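Following: one structure in structure tokens, then a few remarks.
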Amino acid sequence: MGSTVHHIALVVRDLDEALAFYRDVLGLEMIERREVAEEGVEIAFLSAGESMIELLRPLSDEGGVARFLDKRGEGLHHICLAVDDVEVAVERLRAAGAQVLNEEPRVNDHGVRYVFVHPKSAHGVLLELYERT
Ligand code: ZN
């Protein structure tokens, strides 16, 4: 289950303001920006060497990311590790008693399969696992 950090995700209140800092001041290249309606967020990915930084902003007051922002403010939301086989990873996690938040892996717009692991099982941080393509 060798892994690399695929991206680190931050919740922000204002995506344009966050981009003014991460893209314009720090000089990270923006790879994509889009709305993910089914998750109620707008996201932007910035290249940071081998890894990326994901900025996410809730589209409304509803949903998990909006609640997160309300409760904890801006900041670290999740860390994403790339794994070779998401199903093998999930099996290992479940066998170890970890709480995987998705019954089945989800598939994003790029055809990448992914799951989330509860922060209680990952020592305090929401963990996302992406399957390497
Ligand atoms: Zn992510």
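Can you spot a residue in segment 76-98 that is away from the ligand (no atom under 14 Å from the Cβ), without any contact (Cβ under 8 Å) to a residue 60 or more places away in the chain, of a type outside the set (A, V, I, L, M, F, W, C) and surrounded by fewer than 11 Cβ atoms within 10 Å (Cβ to Cβ)?
Yes: one or more hits.
Quick check on segment 77-98: of everything there that is assigned to a helix (DSSP H, G or I) and of a type outside the set (Lys, Arg), which residue is farthest from residue 116 (Cα to Cα)?
If we take residues in segment 77-98 being assigned to a helix (DSSP H, G or I) and of a type outside the set (Lys, Arg), then 95 is farthest from residue 116 (Cα to Cα).
Sort out which residues of segment 106-133 are at pLDDT 95 or above, under 19 Å from residue 36 (Cα atoms) and of a type in the set (Lys, Arg), and write them in order of number.
The answer is 113, and nothing else.
Out of 60, 3, which single residue is among the hydroxyl-bearing types (Ser, Thr, Tyr), open to solvent by 20 Å² or more (accessible area, probe 1.4 Å), farther than 24 Å from residue 129 by Cβ and in contact (Cβ under 8 Å) with a residue 12 or more places away in the chain?
One residue alone meets the criteria, 60.
Starting from segment 104-126, keep only residues that are closer than 17 Å to residue 79 by Cα, then list their pairs with residues that are of a type in the set (Gly, Ala, Ser) and open to solvent by less than 90 Å² (accessible area, probe 1.4 Å) whose Cβ atoms are within a distance under 7 Å, requiring at least 6 positions of separation or different chains.
Between residues of segment 104-126 that are closer than 17 Å to residue 79 by Cα and residues that are of a type in the set (Gly, Ala, Ser) and open to solvent by less than 90 Å² (accessible area, probe 1.4 Å), the close pairs are 117/98; 121/98.
Can you pull out every residue in segment 92-133 that is of a type in the set (Ser, Thr, Tyr) and out of contact with any Phe, Trp or Tyr (no Cβ under 8 Å at 6 or more places or on another chain)?
Across segment 92-133, the qualifying residues are 121, 133.
I need a count of the residues in segment 1-42 that are modelled with pLDDT of 95 or more, small (Gly, Ala, Ser) and within 16 Å of the ligand (Cβ to nearest atom).
2
Quick check on this structure: which one of 116, 45, 68 is within 14 Å of the chain's Cα centre (by Cα), outside any strand (DSSP E or B) and within 14 Å of the ligand (Cβ to nearest atom)?
It is 68.
Considering only residues that are open to solvent by 20 Å² or more (accessible area, probe 1.4 Å) and part of a strand (DSSP E or B), which ones fall in segment 18-41?
Once the filter is applied, which keeps residues that are open to solvent by 20 Å² or more (accessible area, probe 1.4 Å) and part of a strand (DSSP E or B), segment 18-41 yields 30, 31, 32, 33, 34, 35.
Testing residue 105 on (1) open to solvent by 20 Å² or more (accessible area, probe 1.4 Å); (2) within 22 Å of residue 4 (Cβ to Cβ); (3) within 13 Å of the ligand (Cβ to nearest atom), one condition comes back false. Which one is that?
Residue 105 satisfies every listed condition except (3).
Condition check: within 15 Å of the ligand (Cβ to nearest atom), in contact (Cβ under 8 Å) with a residue 40 or more places away in the chain and open to solvent by less than 30 Å² (accessible area, probe 1.4 Å). Does residue 54 satisfy that?
Yes: the conditions hold for residue 54.
The values are calculated or read from the model by the stated rules, or taken from the named source; none is laboratory data. Quantities reported herein were computed from a predicted structural model and do not represent experimental measurements. Cβ: placed from backbone, ideal geometry, glycine included. Neighbour counts: every protein chain shown. Accessible surface is based on the protein model in full, side chains and every heavy atom, while ligands, DNA and RNA are left aside. Shrake-Rupley method; radii C 1.70, N 1.55, O 1.52, S 1.80 Å.
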